[in-house]
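Let me begin by presenting the structure, written as structure tokens, before commenting on it.
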Amino acid sequence: MSVSGGPQAVALDVIERSEGRMVLSMGPQHPSTHGVLQVITEIQGETVTKASPEIGYLHTGIEKSAENLFWSQASTVIERMDYLSPLTNALCYYLAVEKLLGIDATIPPRAQAVRVLLAELSRIASHCVWLGTGGIDLGALTGFFYCFDLRERILDLFEASGGARMHPNYIRVGGLAQDLPHGFLAKLDGVIEMYEPRMRDVRRLLQKNPILQDRMIDVGIISAEEAVGWGLTGPCLRAAGIGYDVRRAFPYSGYENYAFDVITRTESDAYARFLVRLDEMDEAMRIVRQVRKVLDEPGPVQSPDTKFSPPPKETIALSMEALIHHFKLVSESFRVPPGDVYQAVEGPRGELGYYVVSNGDNRPWRVRTRPPSMYNLQVLKKIAIGELIADMVVMIGSLDPVFGEVDR
Amino acid sequence: MPSSQTPPAGATALDPTAVRPDIADARIVRVMPAGVRSTLEGLRADGFTMLLDLGAVDYLEREPARFDVVYHLLRLPDRPAGVDEIGTPERVRVLCGVPSDAVTVPTVTDLWASADWAEREVFDLFGIRFEGHPDLRRIQMPDDWEGHPLRKDYPLRGVARERTPRPSFALKSNVAAGTPAAGRTAAGLQKQIAEVRRLADAHAAADLAATGDGKQP
């Protein structure tokens, strides 16, 4: 170029000297990064030659906070890690604590059924957010409202169960905080009823949409071998053809009693991950329907070992022991025998694991999370190379990171 | 009301992993930093293709190894495989004790790509260095942060640090009547308040002089 002077000439000069490559910072304030993610990309023309995701903008020290709270209080902060499926986090943490306490075999079947129900509803609600916002990234606005309406109905169920829409803190050590309230099952039936026609609409809007297909097919491909090496789990791993699902491989909370298929595909591109999640929502609803049948039977929702859970409200007014017990639980919580345990559950994003260490005190010594989002997101620097810069949002969306969990 | 299962108050374990209850969650392998590399290479060659997680625990007073670097491995096929073929894959947990005087462990980023961010996070939050890591820098905390927050001797609310008030703020006398900023002395504050009052009185006197008898017009 023979342009002389002016900022344009300077820019062209820089591009020429760097062999046509240019560094572009995407985020941390970018609407399609699903939170606060910064991706420093090096592009040649429109092709990404290098991508370096930078995380930590949402680091809140949740693991440190959990070490300084009672065993029963820690779930409050733990539910805030993956804020799109808080119940899954609480479930996994409490399963680990129950194993250390040695009461994991005494959880009543009704409590287990409700836990499975809430975990699967969380999966549907979480995938609704992914599907809605993922569509927005690609310009498909309408799907968002259909998805979020369905999610709202599920959040209504969470509100009915624990009192809060986002972080109900309903799962407790040894079972649940209390039984499902009156009218919950009718609301649940409503959600079950609306699910199928709603998902039919959403699939019609998005799945066969030629623009979405154009944007997603053959974008962000990763081989099965690389997916395993990068530690991908959940839909991202199953879209690469590996049928690893914690619910099937290491059943917990009675998942072995329910019939469901583990969805796998082999294309391993963004569209395959899209389809795996969509089919997974249907499988989750299939489990919800099976659990619904069990829930008509009344039964206890707390482990009979009441040393870890408050006595029933009506006994506190009548029995001195119950009152003392309640006071001790609230003021100094319970102690957990020393030891370490790793517990995993299948969260909406993959294997969610908790490595919990107790030194015998009434607070956890260490609560280490295995964050599926972080490992899934890490692969971005691998799959982005050679793709178009415009497809970056497609790839981030297809990995479905939640930054509360990535940064903790 | 401690139950029969819970230990009495005060009896805490220095090394909980040595007295853990019998829970079949994974096969446990214990190594020291000198042997961790060969152990993990052996497990990788044995078919543990996935490094699920790499974390650390600070046991503070445990001797000689204060820290544990914890590797969670999973045996998975590294090619497309069905649910039935995978079945219940084997889990291994490698606990690598790290002494406090030499907090260095060899990297495993060449064995498992997933170790990259995980090792950076352990370095960031525990100060354990991974020798041979291609890009060992902080990942969660800001680059200029001092200290490693997940260490047990790091206070929950962070290290207290001297905070200097912004000069533009300190000079404005109307701030003086509010909450004292950190670093300002009570005597200085009193002086500033007195100055504000003196100015206010002077203004009032000037107003009085302007309106004559002090009555509202």
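The values are calculated or read from the model by the stated rules, or taken from the named source; none is laboratory data. No experiment lies behind these values; they were computed from the predicted model shown. Quick reminder, even Gly has a Cβ in these numbers, built from the backbone with ideal geometry, and neighbours come from all protein chains shown.
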Filter result for the condition that a residue is in contact with a His (Cβ under 9 Å, 6 or more places away or on another chain) and either in a helix (DSSP H, G or I) or modelled with pLDDT of 90 or more (or both), over A:90, A:113 | A:90
Quick one: what pairs do we get from segment B:45-57, first residue farther than 23 Å from residue B:99 by Cα, second acidic (Asp, Glu) and not in a strand (DSSP E or B), C-beta under 7 Å, 6+ apart or different chains?
-> B:49/B:78
Check segment A:18-25 and report whether any residue there is modelled with pLDDT under 90, closer than 19 Å to residue B:139 by Cβ and part of a strand (DSSP E or B).
-> yes
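Conditions tested, residue by residue: (1) in the same structural domain as residue B:45 (by TED's automatic domain parsing); (2) in a loop (DSSP other than H, G, I, E, B).
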site: B:89; (1), (2): yes, yes
site: B:94; (1), (2): yes, no
site: B:102; (1), (2): yes, yes
site: B:105; (1), (2): yes, no
site: B:125; (1), (2): yes, no
site: B:139; (1), (2): no, yes
site: B:149; (1), (2): no, yes
Residues within segment A:288-312 that are away from every other protein chain (no Cβ under 14 Å) and in contact with a Leu (Cβ under 8 Å, 6 or more places away or on another chain), tallied | 7
Is it the case that some residue within segment A:288-304 is in contact (Cβ under 8 Å) with a residue 60 or more places away in the chain and under 20 Å from the mean Cα position of the chain (by Cα)?
-> yes
Selection count, segment B:93-120, where residues are in contact (Cβ under 8 Å) with a residue 24 or more places away in the chain and either acidic (Asp, Glu) or closer than 23 Å to residue A:255 by Cα (or both) = 1
Okay, helices (runs of 4 or more DSSP H) sitting entirely in segment A:263-382 with 2 or more residues that are at pLDDT 90 or above and out of contact with any Phe, Trp or Tyr (no Cβ under 7 Å at 6 or more places or on another chain), I get A:270-294, A:372-378
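The rows are residues; the columns are (1) aliphatic (A, V, I, L, M); (2) at pLDDT below 85.
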| residue | (1), (2) |
| --- | --- |
| B:9 | yes, yes |
| B:21 | no, yes |
| B:24 | yes, yes |
| B:37 | no, no |
| B:57 | yes, no |
| B:60 | yes, no |
Conditions (1) modelled with pLDDT of 90 or more; (2) over 26 Å from residue A:248 (Cα atoms): number failed by residue A:191 = (2)
Please verify whether segment A:159-180 includes one or more residues that are more than 20 Å from residue A:280 (Cα to Cα), assigned to a helix (DSSP H, G or I) and aliphatic (A, V, I, L, M).
-> yes
Scan segment A:71-100 for residues that are within 11 Å of chain B (Cβ to nearest Cβ) and out of contact with any Pro (no Cβ under 7 Å at 6 or more places or on another chain) and jot them down.
-> A:95, A:96, A:98, A:99
Given the residues A:203, A:198, which is the only one that is within 21 Å of residue A:394 (Cα to Cα) and touching a Leu at 6+ places or on another chain (Cβ under 8 Å)?
-> A:203
List every residue pair whose Cβ atoms lie under 6 Å apart, where the two residues are 6 or more positions apart in sequence or sit on different chains, the first residue falls within segment B:1-30 and is more than 8 Å from chain A (Cβ to nearest Cβ), and the second residue, located anywhere, is outside any loop (DSSP other than H, G, I, E, B) and modelled with pLDDT of 80 or more.
-> B:27/B:92; B:28/B:93; B:29/B:94; B:30/B:95
What is the residue count in segment A:200-241 for residues that are within 11 Å of another protein chain (Cβ to nearest Cβ), in a helix (DSSP H, G or I), in contact (Cβ under 8 Å) with a residue 40 or more places away in the chain and hydrophobic (A, V, I, L, M, F, W, C)?
-> 3
Kindly indicate the residue of segment A:313-349 that is more than 10 Å from chain B (Cβ to nearest Cβ) and in contact (Cβ under 8 Å) with a residue 60 or more places away in the chain and also surrounded by the fewest Cβ atoms within 10 Å (Cβ to Cβ) among those meeting that condition.
-> A:333
The residue that is surrounded by the most Cβ atoms within 10 Å (Cβ to Cβ), considering only those in segment A:126-140 that are of a type outside the set (Gly, Ala, Ser) and assigned to a helix (DSSP H, G or I), is A:131
Segment B:107-117, residues that are at the interface with another protein chain (Cβ under 8 Å from one of its Cβ atoms) and in a helix (DSSP H, G or I) = B:116, B:117
What single numbered condition from (1) over 18 Å from the mean Cα position of the chain (by Cα); (2) assigned to a loop (DSSP other than H, G, I, E, B); (3) at pLDDT below 90 fails to hold for residue B:157?
-> (1)
Only listed residue being modelled with pLDDT of 90 or more, under 30 Å from residue A:267 (Cβ atoms), surrounded by 15 or more Cβ atoms within 10 Å (Cβ to Cβ) and more than 7 Å from chain A (Cβ to nearest Cβ), chosen from B:73, B:52, B:95 = B:73
